[in-house]
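Only one structure is covered here, and it is reproduced in the block below.
Derivation of every value follows stated rules applied to the coordinates shown; laboratory data play no part. Remember, it's a predicted structure, so these values are computed and weren't measured experimentally. Here the Cβ positions follow ideal geometry from the backbone for every residue, glycine too, while neighbour counts run over all protein chains shown.
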Amino acid sequence: MDTPTPPPHRLGLFGWLGGGRRGVEAWLYVLHRVSGLALLAFLSVHLFVTSLRLFGAEAWAVLLLTTHSPVLKFLEYLVFAAFAFHAFNGIRLLIVELGFGIGRPDQPVYPYRGSVHRQRPLMIATMILTAVLIAAGGFELLGLPE
């Protein structure tokens, strides 16, 4: 007896990034993955740059002088924004995965109301908190007047 083979996954990279037609939650999924990869890349670069201290105090001083450019300040702000989003979205996901953000189950009566509708207030609150933190960090990191 032959076992049926599952259909091939044809979405490729877009399927990994796009997540289908699920709305805002799919974009949060994409941003969570991208911010995680960006933070991993930053950590790798940071470890490499920090290891350059082994070449002596003079080389380290020259490297530190280059870190005061406006481009690197803006990249530092982007790392902060990625960290803030990734952290708060991760806390939101943890709350949902533990079952606190889903609510009590309903009777399956049409029109169906999924758990996504119960998660949206938590998602909105998380994104507002993230936006406030990113804006406050922008004032501090970029040296904008208060």
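Once the C-beta distance of residue 25 and residue 63 is scaled by a Förster radius of 41 Å, the resulting FRET efficiency is 0.50 to the nearest 0.05. Computed on segment 21-141, with alpha-carbon pairs under 8 angstrom and 6+ residues apart, the relative contact order is 30 percent. Model label points for residue 100 and residue 136, set 7 angstrom from Cα along the Cα-to-Cβ axis, are 2.0 nm apart. In order along segment 76-87, phi translates into HN-Hα couplings of 5, 5, 5, 5, 4, 5, 5, 5, 4, 5, 4, 5 Hz, rounded to whole numbers, per the Karplus curve 6.51 cos²θ - 1.76 cosθ + 1.60 with θ = phi - 60° and x for Gly and Pro. Packing here is the average count of other Cβ atoms within 10 Å per residue, and on that basis the peptides 40-51, 73-84, 124-135, highest first, run 73-84, 124-135, 40-51.
For every other residue with a beta carbon closer than 9 angstrom to the beta carbon of residue 119, add +1 if it is Lys or Arg and -1 if Asp or Glu, then tell me the sum. Result for the neighbourhood of residue 119: +2. With both labels modelled 7 Å from their Cα along Cα-to-Cβ, the residue 78 to residue 53 distance reads 2.6 nm. Estimate the FRET efficiency between residue 120 and residue 71 by the formula 1/(1 + (r/R0)^6), using the beta-carbon distance for r and 30 Å for R0, to the nearest 0.05. With a Förster radius of 30 Å, E is 0.20. Each label point was placed 7 Å from the Cα along the Cα-to-Cβ direction; for residue 5 and residue 107 their separation is 4.7 nm.
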